[in-house]
Amino acid sequence: MSKVWTDKELIQSCLKDNPIAQKLLYDTFASRLYGICLRYSKNEEEAQDILQDSFIKIFTKLDTYKFAGSFEGWLKRIVTNTSIEYYRRKIETEKVEDISFNPYLAIESDKSLEIEELLKMIQELPEGYRMIFNMYAIDGYTHGEIAQKLNISEGTSKSQLSRARAHLQKKFKEKFELPRKSVQPLDSFFRLLK
């Protein structure tokens, strides 16, 4: 019969470089953390890179976890921050696309949207839109926090979010062949990813 580890035992064993504990930590949390990586990345390969970078940080910073609050929450914050850092490194060399969308277009649909389809639509967003959309709509950052983390203005954050939502609404409209005057906020779809 295999041992059931508490978070504290698992962390302490990992800190002692126990390979069994390290593998168990990875196996226990990798799939959940990969979901966050997928939301922030444009494809699976990029998500794998972010996950790998995240686990390197997790194992090197494990001694900083103070057993206050949820361990899983601590891990998710590292993955989110690693995703944001990955994006910031990329935008230093790439310019965010400036696509004009109608921010007032909204849709309504009785048709179901699978989580995988929504995730794919989010991954197809231009880099800046995807980062800000994830940070604001899914992870709950304020525009002020986003501006500080990404070194942009709050106005840019609001504008990028508006464009991201409009882009997603356009994709929903195309997918479901909705009439022009259909209106419903996207919030119910965003809750699928939390």
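Residues in segment 123-154 that are assigned to a helix (DSSP H, G or I), in contact with a helix residue (DSSP H, G or I) (Cβ under 7 Å, 6 or more places away or on another chain) and free of Cβ contacts under 8 Å to residues at least 24 places away in the same chain: 5 in all. Whenever a residue of segment 7-21 is more than 15 Å from Glu72 (Cα to Cα) and assigned by TED's automatic domain parsing to the domain that holds Ser70, its partners that are polar (S, T, N, Q) and assigned to a helix (DSSP H, G or I), lying with C-beta atoms within less than 9 angstrom and at least six residues away or across chains, give the pairs Ser13/Gln22; Cys14/Gln22; Asn18/Gln12; Ile20/Ser13; Ala21/Gln12; Ala21/Ser13.
Checking Ile58, Ile78 one by one, the residue that is among the β-branched types (Val, Ile, Thr), at pLDDT 85 or above, surrounded by 13 or more Cβ atoms within 10 Å (Cβ to Cβ) and over 24 Å from Lys120 (Cα atoms) is Ile58 and no other.
With a requirement of 2 or more residues that are touching a Ser or Thr at 6+ places or on another chain (Cβ under 7 Å), the helices (runs of 4 or more DSSP H) lying completely within segment 1-71 that satisfy it span 19-40, 44-61.
The values are calculated or read from the model by the stated rules, or taken from the named source; none is laboratory data. Everything numeric in this text was worked out from a predicted model, so none of it was measured. When we count neighbours, we look across all protein chains shown, and the Cβ atoms used for this are built from the backbone with ideal geometry, even at glycine.
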